[in-house]
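If you scroll down you'll find the structure; I have some questions about it.
Just so you know, all these numbers are worked out from the coordinates, no wet-lab data involved. Nothing here was measured: the structure is a model prediction, and the numbers come from that model. Neighbour counts run over all protein chains shown; Cβ positions are idealised from the backbone, glycine included.
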Amino acid sequence: MGIEPGRLHFSWISSAEASKFVEVARAVSDDVRKTGPTSKLIKKLPEVA
Amino acid sequence: MEAYTAKVREAAQRLLRETKVDLVMGFQQGTIPLMSQPVLIRKANEAERLHWDSCCGSNLANYLPKRKERIAVVAKGCDSRNIVVQILENQIKREQLYIIGIPCLGMIDRRQVLGALQGREPLSVSETNTHLLIQGKGFEEKLERSLFLQDNCAICTHRNPVLFDELVAEPVPEQTEVDRYEDVRGIEKMTADERWQYFRDLLGPCIRCYACRNACPMCYCPTCFVDESTPQWLGKSIDPTDTTTFHFLRAYHLAGRCTDCGNCQRVCPVGINMRQLNKKLEKEIKERYGYETGLSIEQRPPLDTYRPDDPQQDFK
């Protein structure tokens, strides 16, 4: 649908795999940080005169 | 079509008289031409109201989930596949249902017909297997039926019901030479930015009326994610971010469940072809799992199946 590659991640983590969750969350936030600020799926507040 | 109507009425009368069912779900003639509407018949002497023509595109499976009665339901190919999915998802029991199967030659897209009439108002419509005869004040128009089919009917490969207790006619030939995914492949070829723009344009006109969701036989959640407020998953505005998120998420919820009955596109007041989202997921499921939705009540759908020998490492 046009979201930049690298911004969206999928993973399968069981509720018992706490350390895997930490690992994946770190990796995802690092990757997303690298792709920079998003330009898509953002909402702007209505401009008031 | 008159033969279909006669058979549906006869079946309804018989089933109600023998108290095999509590109600019959079918169609009656609409108040204006090209708009046949769903009707529930509970008495044998009301069966004369039942009607069949090429404007019965609505999907009656939409009215089945969680009903307790014994129901006879009139079902085209696509409707029967939705019924299969509902049985698989425990929304209705097979034993409750008596399916009156309609071998279908495709339903007429009312908007296309009205477009061809260029503003002239149709007052009565009759049809043969190949043509529509439309009459109005001071005009008569004969249209070739196959040119005015709903988009999803034109590429349908399951015109005959897959699950039924009786058929109203002999099965019709299935379309085998159709390419279901021409448009999807075009979108797949785009770059991420082109695709983003494409979906923005596609979904831009959405007014968030939720007609697509309400008409969808697979959207039966008691509370839809768009209506939840604690937490609120999604903004209520028609900001493009909210409308696109709504459509993307709805499409995901239908992954491996949508039968492309086309009811969403049919009812959309602004004419959005949101089926393109659903068809992409249909294509993925077909290519990855070799599965076509709603063809059998014997086989569990791939997305609700777990196998210990799953080839993906992460699932073990």
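Restricting to DSSP H runs of at least four residues, report the calculated mean residue ellipticity at 222 nm for chain B, -39500 (n - 2.57) per run over all residues, nearest 500 deg cm²/dmol. Please report the intermediate quantities before stating the final value.
Details: 10 runs with 98 residues, N = 316.
Helices in chain B give a 222 nm mean residue ellipticity of -9000 deg cm²/dmol.
Just to confirm the number: angle between the C-alpha axis of helix A:18-35 and the first principal axis of chain A, 0 to 90 degrees, nearest 10?
Helix A:18-35 sits roughly 30 degrees off the main axis of chain A.
Report, in order of residue number, the helices in chain B meeting two criteria: a C-alpha extent of 15 Å or more along the helix axis, and a mean Kyte-Doolittle hydropathy of at least 0.5; treat each whole DSSP H run as one helix.
Working: long enough: B:2-17 (22 Å, -0.68); B:77-88 (17 Å, 0.62); B:192-203 (16 Å, -1.08); B:240-253 (19 Å, -0.64); B:275-289 (20 Å, -2.09).
Result, helices passing both filters: B:77-88.
A follow-up question, please. Looking only at B:ASP260, B:ASP179, B:ASP79, which one moves most when chain B is put into a Gaussian network model with springs between Cα atoms under 10 Å?
Comparing B:ASP260, B:ASP179, B:ASP79 in a Gaussian network model of chain B, the most mobile one is B:ASP179.
Additional query: For the range B:1-114, take the alpha-carbon Rg, divide it by the Kirkwood Rh, and send me Rg/Rh.
On the way: Rg = 13.7 Å, Rh = 14.3 Å.
For the range B:1-114, the value is 0.96.
Going by a 4.7 Å Cβ-Cβ cut-off, which cysteines of chain B have no partner at all?
When partners are defined as cysteine Cβ atoms under 4.7 Å apart, chain B leaves B:CYS55, B:CYS56, B:CYS104, B:CYS153, B:CYS156, B:CYS206, B:CYS209, B:CYS221, B:CYS224, B:CYS258, B:CYS268 without one.
With chain B treated as a Gaussian network of Cα nodes joined by springs under 10 Å, which of B:ARG159, B:ARG300, B:ARG145 yields the largest mean-square fluctuation?
Maximum fluctuation in the GNM of chain B, among the listed residues, is at B:ARG300.
Considering only DSSP beta bridges where both residues belong to the range B:95-185, give the percentage that are antiparallel (nearest 5). Each step should come with its number before you reach the end.
On the way: 12 of 14 bridges.
Of the beta bridges lying entirely in the range B:95-185, close to 85 percent run antiparallel.
Here's another thing I want to ask about it. Considering the convex hull of the alpha carbon atoms of the range B:77-136, report its projected area averaged over all viewing directions, in nm², one decimal.
Working: hull surface 23.5 nm².
For the range B:77-136, the mean projected area of the Cα convex hull comes to 5.9 nm².
How high is the relative contact order of the range B:179-300? Use alpha-carbon pairs under 8 Å, at least six apart in sequence, and give a whole percent.
Numbers: 106 pairs, mean separation 36.3, N = 122.
Here the relative contact order equals 30 percent.
Pull up all non-local amide H partners of B:ASP22: gap of 5 or more, or a different chain, and H-to-H distance under 5 Å with H placed in the peptide plane.
B:ARG70, B:ILE71, B:ALA72
Among B:THR19, B:THR243, B:THR230, which one shows the biggest mean-square fluctuation in a GNM of chain B, springs joining Cα atoms closer than 10 Å?
Greatest mean-square fluctuation among the candidates belongs to B:THR230.
Also, quick follow-up: Please list 3J(HN,Hα) in residue order for the range B:38-49, calculated via the Karplus relation 6.51 cos²θ - 1.76 cosθ + 1.60 where θ = phi - 60°; whole Hz, with x for glycine and proline.
x, 8, 10, 10, 10, 10, 4, 6, 9, 4, 5, 6
On to the next question. Determine the sum of side-chain charges near B:ARG67: Lys and Arg each +1, Asp and Glu each -1, restricted to other residues whose C-beta is under 12 angstrom from that of B:ARG67.
Values: positive: B:LYS66, B:LYS68, B:ARG70, B:LYS93; negative: B:ASP22, B:GLU69.
Summing Lys/Arg as +1 and Asp/Glu as -1 gives +2.
Would you mind pulling out the separation of the Cα centroids of the range A:5-33 and the range B:77-111, in Å?
Answer, in whole Å: 41.
Given chain B, report the % of alpha carbon pairs whose separation exceeds 34 Å. Intermediate values should be presented prior to the final figure.
Working: 12998 of 49770 pairs.
Taking all Cα-Cα pairs of chain B, the fraction more than 34 Å apart is 26 percent.
Also, I was wondering about something else. Name the residues whose placed amide hydrogens come within less than 5 Å of the amide hydrogen of B:GLN175, ignoring near sequence neighbours (fewer than 5 apart) on the same chain.
Under 5 Å from the amide H of B:GLN175 lie the amide H atoms of B:ARG159, each far enough along the sequence or on another chain.
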